[in-house]
Amino acid sequence: MPVMMHADPDQLARTAAIDFTRCAVAHWQTALGSELLGAYLIGSLAHGGFSGRYSDIDIALVTEAELPSHALDRMRCEAVALSAHWGPKLSLFWTDRHFCLGRFPPLDRIDYIDHAVTLMERECVRPMRPAIEEIQRYLAGAPFANWRDMAWHFATAASLEAKERKAYLRTLLYPARFCYSLMTGRIASNDDAVAFLGKKGLAQVDVSLITCALQCRQTGADPDFLFPARTMLPSQVDACAALLAELVLI
């Protein structure tokens, strides 16, 4: 008897998500015309590890000049109109041709340089590669502070609400991505970051908890069974803070 092959749900979701991005970019290209120099996939759709349940859809836009807020709002509305499922997952990163304006943090510029998948391109424009010191300073700022606040929020929560499941799983996983980028100046999938952390064997970071969170993400499961582990989050914060203090002069 022939062997029945079952399609990978995340691979099917990835294909559907990319189809959505191509449709969205076609609409934006019509509206923006020559102002849009290029549109690219970054994030997990580009560097791997896409989860149909948990991943955002990250698109980087390079424009001739400034992209007004009303234009961005219109683009987001068009995306939701195209797909009520994928549209709300859209996260837009944009900059001008000189990489001076917009929303395009250093780590996302690294992702763009190393992993971008072209959706459309009128002109190829690339920024200078951020040095690892710039990546480290960036991570030591808002990314660490925001994760620390979320960690303390969940550590003191009495229950896990359904609307916070995605945020909780990301909070559990973040130390792997954080440490990977802090130590290498690069960006990688959750899978690769967790593998890197396991090989490094940082004594203060609980890799087993992060590995359990990764397995939960890979299967698209609810993270409720990991909620008792929220009490370990403050020690994860302390471990990452210690690594920051070791590597970065703030």
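Read-outs: derived from the displayed coordinates by stated rules, not from any lab. Owing to the predicted nature of the structure, the values given are computational and were not obtained by experimental measurement. When we count neighbours, we look across all protein chains shown, and the Cβ atoms used for this are built from the backbone with ideal geometry, even at glycine.
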Would you mind checking which residues have amide H under 5 Å from SER91's amide H? H placed 1.01 Å from N; only 5 or more apart, or other chain. ILE57, ASP58, ILE59
Skipping prolines and chain starts, which residues have an amide H placed within reach, meaning under 5 Å, of the one on MET120, given they are 5 or more residues away or on another chain? ALA39
Diffing region 104-109: the Karplus 3J(HN,Hα) column from phi (6.51, -1.76, 1.60, θ = phi - 60°), in whole Hz with x for Gly and Pro, holds 7, x, x, 5, 6, 5
Could you go through region 137-146 in sequence order and give the Karplus-derived ³J(HN,Hα) for each residue, using 6.51 cos²θ - 1.76 cosθ + 1.60 with θ = phi - 60°, rounded to whole Hz, and x for Gly and Pro? 5, 4, 4, 6, x, 4, x, 5, 4, 5
Longest DSSP-loop-exposure-free segment, GluC sites (Glu not before Pro), the chain, at most 15 other Cβ within 10 Å: 162-250
Residue-by-residue Karplus 3J(HN,Hα) for region 187-193, coefficients 6.51, -1.76, 1.60, Hz, glycine and proline x: 10, 8, 5, 4, 4, 5, 5
Of MET183, GLY201, ALA151, farthest towards positive along the dipole that unit charges on Lys, Arg, Asp, Glu beta carbons give the chain: GLY201
Once R0 is set to 25 Å, what does the formula 1/(1 + (r/R0)^6) return for the Cβ-Cβ distance between GLU134 and ALA241, expressed as a FRET efficiency to the nearest 0.05? 0.80
Connecting C-alpha atoms closer than 10 Å in a GNM of the chain, tell me which of HIS153, HIS98, HIS70 has the biggest fluctuation. HIS70
State the Cα centre-to-centre distance between region 183-200 and region 123-181 in whole Å. 14
Overall form of region 77-177 per C-alpha gyration tensor (a/c, 1.5; a/b vs b/c): oblate
Cut-off under 5 Å, modelled amide H: who pairs with THR63 long-range: LEU37, THR95, ASP96, ARG97
